[in-house]
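I have placed the structure first, in the form of structure tokens, so that the comments after it can refer back to it.
Just so it is clear, none of the values below were taken in a lab; they were calculated from the coordinates. Model, not experiment: these values are computed from the prediction. Here the Cβ is made from the backbone with ideal geometry for all residues, glycine too, and neighbour counts use every protein chain on show.
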Amino acid sequence: MISINKDNGNSLIASMFLCETMLCSMIVQIVPIPNISVWLMMFLTVVSFVLNKRLLKMSIVHAFIPWTIIIGLLCVSGLSNGFDNVSKYMIYFCVFGTTAAIISINTINPISLYKYVIIIQTLYLIIYFARIRRPFLNSGNAYYADSMGIAYAMVTEIYLAIIAYFNRCVFPFRRRYHFLMIIDTILSIFVILIDCRSRGPIIAVVIAAIMVYMTQTKGIKKIVSVIIVGVAIMYCAYHFIDIVQFVYGFFKNYNIEIAALKKIIFLNQTDLGVLNGRKTIYYIAIENILKSPIIGHGIGYFESLGFNYPHNIILELLLDFGVLGIMIMIFIIIKFIQDVGKLDSQKRCLFMLVFFVGEMILNFSSTIWLYPPFWLLLFMVFSTKNYE
């Protein structure tokens, strides 16, 4: 009889959920299965139940209460904004949100999860350069949608590498895992900058690196670091285009063309601007937030106006739930930070990784309702007691 370590099994399930895009992309290269993401979530749910036959009652409650509240909010929003605008979010949450809730109540071995993430991304990069890259770069109109998915998927191990660098003492990896992580990180940055021409993921990575660094500094050093980083951010924001043109020209002199920088320079010369048309979306979002600033308009309201989503998690929460929703979220975040602070270093790094993967990209693109890692983050926020 085959015996599976429960914590390692749960860690593998969680890593597969975080790397869902890469896993599904690899699978369809071998067997073109329709709706592969749904089948993968069903598989992870079943395996999770098999591995965790006995669960603490309070662990289940920690996941069930927020799950029920979210379903209720979706139903109420459907009544007010029309189920045509909310139905896809409801279906998506029932599949990915439910799987995330189940995974969140299981105990996870952080080091095992890190190793599985490295293995999955290594396999994906091999398949990407062997079979995906050429068709992807020549995919025509489909390129832009596909590039976003690939770029978002690539940042997972970059976040892990940043956390590992600043927390080397709590990452007892064997040398081969360190080697793979470094190689994967370099290749992932290449794919994001050169193949995907994506800016959001790189900005998210830079912010994540600053945040991790800040967690390692104390006292006067932290105050000085905050001042230096603040001044640097203001300077870079004010001279952004000049810096981009300088860096692009520098590498161009060595026959190295960074497509992401070229895209920024090109957009700056068009009516869309550097934000690629999002400035208009932000303006419309803010305009509608002011119409109902306290309780918001409910989920799906922005879609009822003919838009997809605001491309920013703060604007999205304000549109959906107003200032009241933001205040509740701030309270949850403060409680989450307090609870995570009580955990050991390895588990703090785990929550840091899940936070970066589940939240950072939502500051620049996508929507919480169609981004599975966000749901794992949210339910893990309510399940921090399980890790004490």
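Can you pull a Stokes-Einstein diffusion coefficient for the range 274-351 at 25 °C (0.890 mPa s), Rh from Kirkwood over Cα pairs, as a whole number of µm²/s?
For these conditions, the coefficient is 174 µm²/s.
Express the Stokes-Einstein translational diffusion coefficient of the range 24-68 in µm² s⁻¹, to the nearest whole number, given a Kirkwood radius over alpha-carbon pairs, 20 °C and a viscosity of 1.002 mPa s.
Reported coefficient: 169 µm²/s.
Subtracting the Cα-Cα distance from 0.36 nm times the residue separation, let me have the gained length for residue 215 to residue 142 in nm, one decimal.
So the chain would gain 22.3 nm between residue 215 and residue 142.
Just to be sure I understand the model, the point goes 7 Å from the Cα along the line to the Cβ. What's the resulting residue 91 to residue 43 distance in nm?
If labels sit at residue 91 and residue 43, their model points lie 2.2 nm apart.
In terms of the Cα gyration tensor, with a ≥ b ≥ c the square roots of its eigenvalues, is the range 11-50 rounded because a/c is under 1.5, prolate because a/b exceeds b/c, or oblate?
Since a/c reaches 1.5 but b/c is at least a/b, the shape of the range 11-50 is classed as oblate.
Place a +1 charge on the Cβ of each Lys and Arg in the range 124-187 and a -1 charge on the Cβ of each Asp and Glu, then give the dipole magnitude about the Cα centre in debye, rounded to the nearest 20.
Computed charge dipole of the range 124-187: roughly 300 debye.
Given the alpha-carbon gyration tensor of the range 98-204, what are the semi-axes of its equivalent ellipsoid in whole angstrom, ordered largest first, with each equal to the square root of 5 times an eigenvalue?
The answer is 26, 17, 13 Å, longest axis first.
Each residue of the range 354-369 in turn: what ³J(HN,Hα) in whole Hz from Karplus with 6.51, -1.76, 1.60 and θ = phi - 60°, glycine and Pro shown as x?
Rounded to whole hertz, the list is 5, 5, 4, 5, x, 10, 4, 5, 6, 6, 10, 6, 6, 9, 4, 6.
What shape does the range 226-338 have by the C-alpha gyration tensor, where a ≥ b ≥ c are the square roots of the eigenvalues, rounded means a/c under 1.5, and otherwise prolate means a/b greater than b/c and oblate the rest?
oblate
Can you give the Rg to Rh ratio for the chain, taking only C-alpha atoms and Rh from Kirkwood?
0.95
So if we plug the beta-carbon distance of residue 267 and residue 6 into 1/(1 + (r/R0)^6) with R0 = 56 Å, what FRET efficiency do we get, rounded to 0.05?
According to the calculation, E is roughly 0.70.
Cα atoms only, the range 143-285: Rg and Dmax in Å?
17.4, 51
Return the whole-Å distance between the Cα centroid of the range 17-63 and the Cα centroid of the range 125-153.
Between the Cα centres of the range 17-63 and the range 125-153 lies a distance of 24 Å.
Loop by DSSP (not H, G, I, E, B), at most 14 other beta-carbon atoms within 10 Å: where is the longest site-free stretch of the chain for trypsin sites (Lys or Arg not before Pro)?
Maximal segment without exposed cleavage sites: 55-173.
Which of the aspartates and glutamates could a cross-linker span from residue 335 if the Cα-Cα distance has to be under 14 Å and same-chain partners fewer than 8 positions apart are dropped?
Within reach: none.
With a point put 7 Å past each Cα toward its Cβ, work out how far residue 295 is from residue 283 in nm, to one decimal.
Distance between the two pseudo-spin positions: 3.1 nm.
Per the Debye formula with a single identical scatterer at each Cα and no solvent contribution, what log10 I(q)/I(0) holds for the range 1-125 at q = 0.10, 0.12, 0.18, 0.22 Å⁻¹?
Each listed q maps to, in turn, -0.38, -0.54, -1.05, -1.27.
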